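**Student:** One structure, pasted below without further comment.
The values are calculated or read from the model by the stated rules, or taken from the named source; none is laboratory data. All values reported here derive from a predicted model rather than from experimental measurement. Using ideal geometry, Cβ is built from the backbone for each residue, glycine included, and neighbour counts are taken over all protein chains shown.
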Amino acid sequence: MSRRRHSDDSDAGQPHKRRRTSEPSEIEERLESLICRVGEKSNSSLESNLEGLAGVLEADLPNYKSKILRILCTVARLLPEKLTVYTTLVGLLNARNYNFGGEFVEAMIRQLKECLKVNMYNEAVHLVRFLSDLVNCHVIAAPSMVAMFENFVSVTQEEDVPQVRCDWYMFAFLSSLPWVGKELYEKKDAEMDRLLSQTESYLKRRQKIHVPMLQVWTADKPHPQEEYLDCLWSQIQKLKKDRWQERHILRPYLAFDSVLCEALQHNLPPFTPPPHTEDSVYPMPRVIFRMFDYTDDPEGPVMPGSHSVERFVIEENLHCIIKSHWKERKTCAAQLLSYPGNNKIPLNYHIVEVIFAELFQLPSPPHIEVMYTTLLIELCKLQPGSLPQVLAQATEMLYMRLDTMNTTCVDRFINWFSHHLSNFQFRWSWEDWSDCLTQDLEKPKPKFVREVLEKCMRLSYHQRIIDIVPASFSVLSPANPVCIYKYGDESNRSLPGYTVALCLTIAIKNKASNDEIFSILKDVPNPNQDDDDGEGFTFNPLKIEVFVQTLLHLAAKSFSHSFSALAKFHEVFKTLAESDEGKLHVLRVVYEVWKNHPQMIAVLVDKMIRTQIVDCAAVANWIFSSELAHDFTRFYIWEILHSTIRKMNKHVLKIHRELEETKARLARQHKR
Amino acid sequence: RLASTGPGSVAMSSGGTLSILRSDSYAELSQYRDQHFRGTRYDQERLLRKSCTLYVGNLSFYTTEEQIHELFGKSGDIKKVIMGLDKVKKTACGFCFVEYYARGDAENAMRYINGTRLDDRIIRTDWDAGFKEGRQYGRGRSGGQVRDEYRQDYDAGRGGYGKTVQCQ
């Protein structure tokens, strides 16, 4: 008779809570978790955690070597902000198991080659930096690293390749030097000098026409917006002048020096940069965004200078943290604030600067704009006593420098500031900005305030905005977003079409059909009588005027009411707006009715494009028409234009995809 | 940051991705399931996982469609906003549905707009299986939302005291 265990009977159909054997995937998860978590806040020191983890992994090597290799390669590629923690770990493993160290280096080189093949250049930089820090951990021999860098720098000698290709290899070399410059220079100073002089001559001859396009401010004061390689070169030159003494980077491997220096090192295999191909897409060049310096926080720790290598490392790491945790705002904020060195650097200033650097990045931020707003709010929640003040200081500085700020960046600043204020009861010291009241309203500062107030109103309501600003600011306050109905007043009864408008109003209120509407509109005379081309419905601006004015007025209550109206009378719209002039005139009338409510104009234009009442070309013609010239520099115009272009792009992509799919189907048909 | 054409978490043959980097807790399904949903739990979850529609709660009764459009428009193009109404009064009763054209835009709303303020109130968003006629009405006995039937606190933006308190 079989002896059945109690648990088999009682747990029938239920998942076992007690595992009899661990699944391989669970082990991998546990290993991954152990490795990823090392370096996080802990009761033990980082050194003892690393020591412990090295012991655990060493014991697991016989059974789980390939998994451990994979995980370590992945953290090297994806967690660059913890670079030195993991190079130390690899160093300890290499000291205990030389073969493993060799296999890891080989795996890293394979991974590097693959990254370069599939255009993953950011990840590739992290791998190169990891390899270079492995020199500090006695895993890789310095001369072989120098040899790799020699191959990198020689890419600048290639002919007929995009400059951005040479730029990347140069960046990969230079940006590793904060970590390994000292060691490489000590072992191979002649070779390094040669590399540095080749670097200098490359940087002198490369083109920098992209710089004005990417600068957030056109002014060089107070902080020049430097080209990223130029800035990095200044930082490396200063590092060299300081005899490669770098004091910011946390180097856990220093504590293990006695163990690590006993380890045998590996030589990097000769690395030939893969050739340039048609499919190669290199990263775009950048301009370094700076808004703070040591004078901005006189009471706190000194902010590293713009040409210090510390500044470079801090910024790189903070950007990496955002890249790792952008989906998890609380984690992201916590990780940013727990960046090591908090008492030696004005961390809040660095964080705010790095966030604005991303928000204002041209052409586009790395992540969706609203992420930065919410991230800053999370940071304010975690540091309520200090971060809001830094943010206020930053806002003030950005305001002061509006005159030279790129317009796209001003737009982002407006969107961020208004959304931010809406989370803090719109509290702001507006009086501090009364200087803008004496300026011409089209100047950047008053314009900025006007646009901010308009956006604040969109997130609340008109009276709220009137209440939050001082009375002197009324000249900058947004208009009350009410609809303007030209046939509404008895005094306008002499206007052509007035009686038809009245008729139409009654008919629509009585749920008239499209046909009834058409018949009412038949009575509207056509001021363009002479242009009748005899092909049926001709362009009749008065008909459009009467119909659109009346309908929009009746549906003015909310967006939904207006959208319903557009849907219900879609046929009438399509007929009246059949010609290009018709489409243009519809847009003009929409503007006349809703010029106090730019948000309504934007959503109506969007809906009319999507329901094909107007097309993108008509919107473009309308925006660039002389009637709208006076609003040309208002941001709502550009909001509409950009939205229209985006819709057009999406449409083109969609059709292109459908075309490709149809071609593929046809090809498959022919094969049969 | 240098622009990369490949996201950092693309799985590679020699590498992969890390579960800590995959974490996307704000965009996950919550524990809430609409009890009035017609269909199996499985169907409901399937719809929730591909939905482009969000339920938005804790709105003020005075919050307008325009404000909602402005705020939620920050994560992408909005297809439709449907205001939640008191079943009896047919006035706003503090919730709405926001439908996007693309799921990714709804996910970003869950990540960055959920838990922030609208009309000075912390609003809450959650995945919705999709609007159906009738779902725009409150399910409380008095016509508003259930939560406003029984709550004890005074909330000026939501009609003052809860309905049962008001009736005392």
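**Student:** Checking the structure you have, find out if any residue of region A:605-617 is within 13 Å of A:LEU584 (Cα to Cα), charged (D, E, K, R), assigned to a loop (DSSP other than H, G, I, E, B) and without any contact (Cβ under 8 Å) to a residue 60 or more places away in the chain.
**Tutor:** Yes, the conditions are met somewhere in region A:605-617.
**Student:** Next question, about the same structure. May I ask you to list the residues in region A:19-68 that are within 14 Å of chain B (Cβ to nearest Cβ), outside any helix (DSSP H, G or I) and either touching a helix residue (DSSP H, G or I) at 6+ places or on another chain (Cβ under 7 Å) or loosely packed, with under 11 Cβ neighbours inside 10 Å (or both)?
**Tutor:** Correct list: A:VAL38, A:GLY39.
**Student:** Of the conditions (1) under 30 Å from A:GLU32 (Cβ atoms); (2) within 14 Å of chain A (Cβ to nearest Cβ), B:TYR62 satisfies every one except a single condition; which number is it?
**Tutor:** In the conditions (1) under 30 Å from A:GLU32 (Cβ atoms); (2) within 14 Å of chain A (Cβ to nearest Cβ), B:TYR62 misses (1) alone.
**Student:** Output the residues belonging to region A:618-627 that are surrounded by fewer than 16 Cβ atoms within 10 Å (Cβ to Cβ), farther than 23 Å from A:VAL572 by Cα and without any contact (Cβ under 8 Å) to a residue 40 or more places away in the chain.
**Tutor:** Of everything in region A:618-627, those that are surrounded by fewer than 16 Cβ atoms within 10 Å (Cβ to Cβ), farther than 23 Å from A:VAL572 by Cα and without any contact (Cβ under 8 Å) to a residue 40 or more places away in the chain turn out to be A:PHE624, A:SER626, A:GLU627.
Conditions (1) under 22 Å from A:MET371 (Cβ atoms); (2) in the same structural domain as A:LEU376 (by the TED database); (3) surrounded by 13 or more Cβ atoms within 10 Å (Cβ to Cβ), marked per residue:
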{"position": "A:ASN406", "(1), (2), (3)": "yes, yes, yes"}
{"position": "A:ASN415", "(1), (2), (3)": "yes, yes, yes"}
{"position": "A:PHE424", "(1), (2), (3)": "yes, yes, yes"}
{"position": "A:SER429", "(1), (2), (3)": "no, yes, no"}
{"position": "A:TRP433", "(1), (2), (3)": "no, yes, yes"}
{"position": "A:LEU437", "(1), (2), (3)": "no, yes, yes"}
{"position": "A:PRO446", "(1), (2), (3)": "no, yes, yes"}
{"position": "A:LYS455", "(1), (2), (3)": "yes, yes, yes"}
{"position": "A:TYR461", "(1), (2), (3)": "no, yes, yes"}
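**Student:** Kindly evaluate A:GLU328 against the criterion of being within 11 Å of chain B (Cβ to nearest Cβ) and either buried (at least 17 other Cβ atoms within 10 Å of the Cβ) or more than 23 Å from A:GLN225 (Cα to Cα) (or both).
**Tutor:** yes
**Student:** Test of understanding: among B:LYS89, B:LYS74, which residue is at pLDDT 95 or above and crowded, with 18+ Cβ neighbours inside 10 Å? Write out each step before concluding.
**Tutor:** Numbers: B:LYS89 fails: crowded, with 18+ Cβ neighbours inside 10 Å.
When all the criteria are applied, what remains is B:LYS74.
**Student:** Also, I was wondering about something else. Take the residues of region A:251-266 that are hydrophobic (A, V, I, L, M, F, W, C) and buried (at least 18 other Cβ atoms within 10 Å of the Cβ): which is nearest to A:GLU47 (Cα to Cα)?
**Tutor:** Per the criteria, the residue is A:PHE256.
**Student:** For region A:644-672, which residues satisfy the criterion of being among the hydrophobic types (A, V, I, L, M, F, W, C) and either free of Cβ contacts under 8 Å to residues at least 24 places away in the same chain or in contact with a helix residue (DSSP H, G or I) (Cβ under 6 Å, 6 or more places away or on another chain) (or both)? Write out each step before concluding.
**Tutor:** At the first step, the residues of region A:644-672 found to be among the hydrophobic types (A, V, I, L, M, F, W, C) are A:645, A:648, A:652-653, A:655, A:659, A:664, A:666-667.
Of everything in region A:644-672, those that are among the hydrophobic types (A, V, I, L, M, F, W, C) and either free of Cβ contacts under 8 Å to residues at least 24 places away in the same chain or in contact with a helix residue (DSSP H, G or I) (Cβ under 6 Å, 6 or more places away or on another chain) (or both) turn out to be A:MET648, A:VAL652, A:LEU653, A:ILE655, A:LEU659, A:ALA664, A:LEU666, A:ALA667.
**Student:** Quickly run through region A:213-267 and pick out the residues that are part of a loop (DSSP other than H, G, I, E, B) and over 30 Å from A:GLY101 (Cβ atoms).
**Tutor:** Residues of region A:213-267 that are part of a loop (DSSP other than H, G, I, E, B), as a first pass: A:215-216, A:218-226, A:242-251, A:261-265, A:267.
A:GLN215, A:VAL216, A:THR218, A:ALA219, A:ASP220, A:LYS221, A:PRO222, A:HIS223, A:PRO224, A:GLN225, A:GLU226, A:ASP242, listed by residue number.
**Student:** Considering only region A:342-400, give the helices (runs of 4 or more DSSP H) lying wholly within it that have at least 2 residues that are over 12 Å from the mean Cα position of the chain (by Cα) and closer than 16 Å to A:ASP411 by Cα. Steps first, answer last, please.
**Tutor:** Numbers: elements: A:347-359, A:369-382, A:387-400.
The qualifying helices (runs of 4 or more DSSP H) are A:387-400.
**Student:** Test of understanding: among B:ASP105, B:ASP119, B:ASP34, B:ASP43, which residue is more than 8 Å from chain A (Cβ to nearest Cβ) and closer than 30 Å to A:HIS367 by Cβ?
**Tutor:** Being more than 8 Å from chain A (Cβ to nearest Cβ) and closer than 30 Å to A:HIS367 by Cβ holds for just one of B:ASP105, B:ASP119, B:ASP34, B:ASP43, which is B:ASP105.
**Student:** Scanning for something more than 20 Å from A:TYR253 (Cβ to Cβ), surrounded by fewer than 23 Cβ atoms within 10 Å (Cβ to Cβ), touching a residue at least 40 places away in the same chain (Cβ under 8 Å) and touching a Cys at 6+ places or on another chain (Cβ under 8 Å), does region A:133-155 turn up at least one residue?
**Tutor:** There is at least one residue in region A:133-155 that is more than 20 Å from A:TYR253 (Cβ to Cβ), surrounded by fewer than 23 Cβ atoms within 10 Å (Cβ to Cβ), touching a residue at least 40 places away in the same chain (Cβ under 8 Å) and touching a Cys at 6+ places or on another chain (Cβ under 8 Å).
To keep it simple, each residue is scored yes or no on (1) surrounded by fewer than 16 Cβ atoms within 10 Å (Cβ to Cβ); (2) within 20 Å of A:TYR485 (Cα to Cα).
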position	(1), (2)
A:VAL572	no, yes
A:LEU584	no, yes
A:GLN612	yes, no
A:ASP631	yes, no
A:TYR636	no, no
A:LEU641	no, no
A:THR662	yes, no
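**Student:** A follow-up question, please. Hey, A:CYS503 hits all of (1) surrounded by fewer than 12 Cβ atoms within 10 Å (Cβ to Cβ); (2) within 21 Å of A:ALA555 (Cα to Cα); (3) in the same structural domain as A:ILE601 (by the TED database) but one; which does it fall short on?
**Tutor:** Only one criterion in (1) surrounded by fewer than 12 Cβ atoms within 10 Å (Cβ to Cβ); (2) within 21 Å of A:ALA555 (Cα to Cα); (3) in the same structural domain as A:ILE601 (by the TED database) is unmet by A:CYS503, namely (1).
**Student:** Follow-up question, since we're still on this one. From (1) among the small types (Gly, Ala, Ser); (2) farther than 22 Å from A:GLN225 by Cα; (3) buried (at least 19 other Cβ atoms within 10 Å of the Cβ), pick out the condition that doesn't hold for A:GLY341.
**Tutor:** (3)
**Student:** Can you name every residue in region A:415-433 that is more than 14 Å from chain B (Cβ to nearest Cβ) and of a type outside the set (Asp, Glu)?
**Tutor:** Selection gives A:TRP428, A:SER429, A:TRP430, A:TRP433.
Results for (1) within 14 Å of chain B (Cβ to nearest Cβ); (2) in contact (Cβ under 8 Å) with a residue 40 or more places away in the chain; (3) not in a helix (DSSP H, G or I), shown as yes or no for each residue.
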{"residue": "A:ASP435", "(1), (2), (3)": "no, no, no"}
{"residue": "A:LYS447", "(1), (2), (3)": "no, yes, no"}
{"residue": "A:VAL452", "(1), (2), (3)": "yes, no, no"}
{"residue": "A:MET457", "(1), (2), (3)": "yes, no, no"}
{"residue": "A:LEU495", "(1), (2), (3)": "no, no, yes"}
{"residue": "A:THR505", "(1), (2), (3)": "no, yes, no"}
{"residue": "A:GLU516", "(1), (2), (3)": "no, no, no"}
{"residue": "A:VAL524", "(1), (2), (3)": "no, no, yes"}
{"residue": "A:PHE539", "(1), (2), (3)": "no, yes, yes"}
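**Student:** Let me ask you something else. With the structure loaded, tell me whether A:GLU369 is within 11 Å of another protein chain (Cβ to nearest Cβ), over 22 Å from A:GLY300 (Cβ atoms) and either of a type in the set (Lys, Arg) or touching a Pro at 6+ places or on another chain (Cβ under 7 Å) (or both) or whether it fails that test.
**Tutor:** So A:GLU369 does not fit the description; no.
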